[in-house]
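The values are calculated or read from the model by the stated rules, or taken from the named source; none is laboratory data. Note that the coordinates shown come from a computational prediction; the quantities given were computed from them, not determined experimentally. In this analysis, Cβ positions are derived from the backbone assuming ideal geometry, glycine residues included, and neighbour counts consider all displayed protein chains.
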Amino acid sequence: MTDYNNYLKNDNPVDEFASWFKEALEVEDNGSYFTLSTLAADGGVNARTLLLKSVVDKKLLFFTNYDSVKGSEIEANDKVSMTFFWNKLGKQVRIRGAATKASKQTSMDYFKSRGFESQVASYISDQSSPVDSREILENEFAIARDKFKEEGVPYPEKWGGYLVDPYEITFFLYGDHRLNDRFQFIKDNGKWHSKRLYP
Ligand SMILES: Cc1cc2nc3c(=O)[nH]c(=O)nc-3n(C[C@H](O)[C@H](O)[C@H](O)COP(=O)(O)O)c2cc1C
C-alpha cells in the first residue's frame with residue numbers, strides 16, 4: 001500500500017472520514033460545521049454553512065428545509081460538495097457526492113428529538129423565502145409556540161434529512177514547513193482508488 005497509512009487508519013475513506021469527524025466533535029468547538037456547495041439554477045455556485053448530524057451506512061446525514069434554495073438546487077442536481085475545516089486538528093476534508101432525501105421516519109425521529117423552540121422555528125420557517133420584517137417572524141413564532149405548547153409541534157413535511165453518498169473524498173492535513181499532505185479517494189465501479197496529491 002502507499003505511504004499514507006501513517007496518517008489514515010481505515011481502508012474505506014468514508015470510515016476514515018467518520019473517525020476524523022468523531023475526533024473533531026471531541027476536540028473542536030464546532031466540529032460539525034461544514035460548507036455545502038450546490039449548483040444554482042443560473043449555472044453559478046451556491047454555498048452555505050450547515051451542521052452534519054452523523055455518518056449512517058457510509059452516507060453523511062444533515063437536516064434542512066426541503067423547500068429552501070438548497071433543497072430546490074439538490075432537486076435539480078443531486079451532486080453536492082461538502083467542505084469541513086477543523087482548525088485545532090489542522091485538517092480539511094472535501095467530499096463530493098450525490099444527495100438523496102432521508103426516510104420520513106429518520107426525519108421525524110430527529111425532528112422530535114430537537115428542543116421545543118427549535119421545532120417551532122423549523123415549523124414556521126419558509127426557509128430562503130422573503131419575509132417583510134423581523135416582527136412578522138417573531139409573531140409567527142409566538143403564535144406557533146402558544147398553539148403547540150401542550151400538544152407538541154407536528155412534524156412539518158417540508159423539513160427533513162439528506163444523505164450524501166460520496167464518490168470522491170480528499171483529505172488534507174497540515175504538515176511542517178507548510179508542506180501539507182493531501183490524499184484523494186475516487187470511487188469507480190464501486191471500488192475506491194486513492195492517490196497522494198501535491199498539497
Ligand atoms: C453555524 C451555522 C449552522 C447552520 N446549520 C444549518 C443546518 O443544519 N440546516 C439548515 O437548514 N441551515 C443551517 N444554517 C443556515 C444556513 O447556513 C442557510 O442560511 C440556510 O440553510 C438557507 O440556505 P439556502 O437558502 O441556501 O437554502 C446554519 C447556519 C450557520 C451559520
- Query: For K187, are the conditions met, namely being without any contact (Cβ under 8 Å) to a residue 24 or more places away in the chain, part of a strand (DSSP E or B) and not aliphatic (A, V, I, L, M)?
  - Reply: yes
- Task: Restricting attention to strands (runs of 3 or more DSSP E) lying wholly within the stretch 1-103, give those where 2 or more residues are over 30 Å from S129 (Cβ atoms), within 11 Å of the ligand (Cβ to nearest atom) and not hydrophobic (A, V, I, L, M, F, W, C).
- Result: none
- Query: Among the candidates G97, G71, which residue alone is surrounded by 19 or more Cβ atoms within 10 Å (Cβ to Cβ) and touching an Asp or Glu at 6+ places or on another chain (Cβ under 7 Å)?
  - Reply: G97
- For the stretch 141-179, which residues satisfy the criterion of being surrounded by 14 or more Cβ atoms within 10 Å (Cβ to Cβ), in a loop (DSSP other than H, G, I, E, B) and in contact with a strand residue (DSSP E or B) (Cβ under 7 Å, 6 or more places away or on another chain)? K158
- Pairs only if they're at least six apart or on different chains, beta carbon under 6 angstrom, first in the stretch 42-68 and at pLDDT 95 or above, second basic (K, R) and not in a strand (DSSP E or B); list them, first residue then second. N65/K158; Y66/K158; D67/K158
